[in-house]
Amino acid sequence: MRWNNLSDDTPAAAPALFGTDVVTRTFDTPEFRGITFHEVRARSIVNRVPGTSRMPFTWTVNPYRGCTHACVYCFARKTHSYLDLDTGTGFDSQIVVKVNAPDLLRRELGARRWRGEHIAMGTNVDCYQRAEGRYRLMPGIIAALRDYANPFSILTKGTLILRDLDLLRQAADVTDVGISVSVGFVDTALWRTVEPGTPAPERRLDVVRALAEHGISCGVLMAPVIPYLSDAPAQLRETVRAIAAAGATSVTPLALHLRPGAREWFMRWLGEHHPHLVRRYQVLYADGAYAPTWYQRRITGQVHELAAEYGMGPARRGAHRTPRDSGLAETAPEPEPTQLTLL
């Protein structure tokens, strides 16, 4: 494992992400069986998004690396290779925990150079994955953002976010807070194989309901829409109808994309579960990680039409955060590809 390279201060070394005091732990309890936690002390926690990224924000905070949600399509799998960790089962079971994230964030928010810009969370791996139930990093992170009145957004598939409702409401009183829940489809058979470590889609929609009941607006990132498995018109209608019924303020569809690291793992899964689709995927994704523009436009148009039918507006491109004083997301212009590198 490349911990030493990552913590070497010599000019020729790789970036110093972590200190040298890495503690590896396993817990013999049912909820964590088979999972190894690597507890590290990060050197920084507010990360700048590369300028070439399609992300609609500039800064992120990621208290974890690796994710027990085990989504077979997760684009973040590639990041595990930087630590010489496996991007397949290793990504699902070898979790890096930045145990000093809350204190480090508070220090960085208080630095004179920080300008109070928006911080996005949950855009790499889920900050409300199972590990958060043990390490409880998010309460300290949200409290720091609240105390500095720093705007932020959270994207999650985790129901554990409801634990922090009081903190989220306190933060929303002093700054812009945006919450989005990711629900790409409501097909439970598909969910069990493609997102095996996540709460069921209906449980995630319960989160949307609970947030709405507590006065916190919540949009849904309908991602990923999986070609030939969750994109039939009847499937899209069923998903959008369920999202609207949960009280979501907006829905933003994103077609599946397959970047290196995720592509290999997803195609292996596809070959095991849906071998008849392998060739179709090779053709559809022949030009790279993203589905063709025509496909993205079709999905976006269909979902926006359904959203309007069910009385729900689409979010603007990248607008998975909504102003705290507005009950509705801003409506997009004519349908266009809204493919972002979130999932």
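Based on what the data block shows, is HIS80 within 30 Å of PHE266 (Cα to Cα) and either modelled with pLDDT of 95 or more or open to solvent by less than 30 Å² (accessible area, probe 1.4 Å) (or both)? Spell out the reasoning first.
On the way: within 30 Å of PHE266 (Cα to Cα): yes; either modelled with pLDDT of 95 or more or open to solvent by less than 30 Å² (accessible area, probe 1.4 Å) (or both): yes.
Yes.
Do any residues in the stretch 232-243 that are under 14 Å from ARG298 (Cβ atoms) and in contact (Cβ under 8 Å) with a residue 12 or more places away in the chain have Cβ atoms under 6 Å from those of residues that are assigned to a helix (DSSP H, G or I) and open to solvent by 40 Å² or more (accessible area, probe 1.4 Å), where the two are at least six apart or on different chains, and which pairs are they?
LEU236/GLN302
Looking at LEU236, LEU254, LEU205, can you tell me which residue is part of a strand (DSSP E or B) and open to solvent by less than 10 Å² (accessible area, probe 1.4 Å)?
When all the criteria are applied, what remains is LEU254.
Does THR198 qualify as being over 25 Å from VAL40 (Cα atoms) and of a type outside the set (A, V, I, L, M, F, W, C)?
So THR198 fails the test.
Name the strands (runs of 3 or more DSSP E) wholly within the stretch 11-77 that hold at least 1 residues that are at pLDDT 85 or above, under 24 Å from LEU155 (Cβ atoms) and open to solvent by 20 Å² or more (accessible area, probe 1.4 Å)? Before the answer, list the steps.
Values: elements: 23-26, 36-40, 46-48, 59-61.
Qualifying strands (runs of 3 or more DSSP E): 46-48, 59-61.
Show the residue pairs meeting these rules: Cβ distance below 8 Å; 6+ apart or different chains; first residue within the stretch 257-279 and among the basic types (Lys, Arg); second residue open to solvent by 50 Å² or more (accessible area, probe 1.4 Å).
ARG259/LYS78
Say we look at the stretch 141-199 and pick out the residues that are of a type in the set (Asp, Glu) and open to solvent by 20 Å² or more (accessible area, probe 1.4 Å); which of these is nearest to ALA131 (Cα to Cα)?
Ranking the candidates gives ASP166 first.
Looking at (1) closer than 26 Å to VAL181 by Cβ; (2) touching a residue at least 12 places away in the same chain (Cβ under 8 Å); (3) of a type outside the set (Asp, Glu), find the lone condition where ARG136 falls short.
Of (1) closer than 26 Å to VAL181 by Cβ; (2) touching a residue at least 12 places away in the same chain (Cβ under 8 Å); (3) of a type outside the set (Asp, Glu), only one is false for ARG136: (2).
Take the residues in the stretch 83-102 that are open to solvent by 10 Å² or more (accessible area, probe 1.4 Å) and in a helix (DSSP H, G or I), then tell me which one is modelled with the highest pLDDT.
Step one: list which residues in the stretch 83-102 are open to solvent by 10 Å² or more (accessible area, probe 1.4 Å), which gives 84-87, 89, 92-94, 98-100, 102.
When the remaining residues are screened for being in a helix (DSSP H, G or I), the result is 89, 92-93, 102.
On the way: THR89: 91, ASP92: 95, SER93: 94, PRO102: 98.
Checking each candidate, the answer is PRO102.
If you check THR175 against the conditions, is it farther than 27 Å from THR239 by Cβ and in a loop (DSSP other than H, G, I, E, B)?
yes
What are the residues in the stretch 103-132 that are open to solvent by 20 Å² or more (accessible area, probe 1.4 Å) and in contact (Cβ under 8 Å) with a residue 12 or more places away in the chain, if any?
Across the stretch 103-132, the qualifying residues are ASP103, ARG106, GLU108, GLY110, TRP114, GLY116, GLU117, HIS118, ASN124, ARG130.
Take ILE216 and tell me if it is of a type outside the set (Lys, Arg) and under 30 Å from HIS38 (Cα atoms).
Here the answer is no, as ILE216 does not meet what is asked.
The values are calculated or read from the model by the stated rules, or taken from the named source; none is laboratory data. Please read all numbers here as calculations on a predicted model, not as lab measurements. Don't worry about glycine lacking a Cβ; one is built from the backbone with ideal geometry, like all the others, and counts go over all protein chains shown. Each accessible area value is taken on the protein alone, full model and side chains, heavy atoms only, with ligands, DNA and RNA left out. Shrake-Rupley method; radii C 1.70, N 1.55, O 1.52, S 1.80 Å.
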